[in-house]
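J.: Here it is: the structure, laid out below.
The values are calculated or read from the model by the stated rules, or taken from the named source; none is laboratory data. Quick caveat: nothing in here was measured; it's all calculated off a predicted structure. All Cβ positions, even for glycine, are placed from backbone atoms using ideal geometry, and neighbour counts span all protein chains on display. These area figures cover heavy atoms from the full protein model, side chains too; ligands, DNA and RNA do not enter into them. Shrake-Rupley method; radii C 1.70, N 1.55, O 1.52, S 1.80 Å.
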Amino acid sequence: GWRMLETKDPLGYAGKLAKDLAQHESPSIDTLEAQVDVALLRGKVLQAVSALLQAHELCPASPRVALLRVRVLQAAREALDREQPDEGAAAGADPGAATGG
C-alpha cells in the first residue's frame, strides 16, 4: 500500500498489480473486479470490458458481475459522449433559439 502511494503513477502501479494477480492465480471475482476498478479509474474502458467478460464467464449470474456491467456501460457512454462534439456548439447554434429564450 505505501509503495503504491510513493510512486509517480499509483493507478498504473495498481493496474500492474491487478494484472499480475490475474496472470499468476486462478481468476477470481475479486481479482477481476479489482481489474475493472483500476481500468475504469485509468480511463481504460477496453481493459475494463476485457476483465468484465472474464468475470461474466466465471460467474454469469452473480450480482457483482451485474453491477460491474452497469459501471462499465456507464463509463463507455461517458467516454463516447466526451469524444462526440456537441452538435449545437459545433454548428454555432444559439441554445436559446429553439426555446424562444
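J.: Write out, first by first residue and then by second, each pair whose Cβ atoms fall under 6 Å of each other, whose residues are 6+ apart or on separate chains, and whose first residue, in the stretch 47-66, is in contact (Cβ under 8 Å) with a residue 12 or more places away in the chain while the second is among the polar types (S, T, N, Q).
T.: Correct list of pairs: ALA51/GLN35.
J.: Which of the following residues is open to solvent by 100 Å² or more (accessible area, probe 1.4 Å) and either assigned to a helix (DSSP H, G or I) or at pLDDT 90 or above (or both): LEU32, LEU67, LEU52, LEU40?
T.: LEU67
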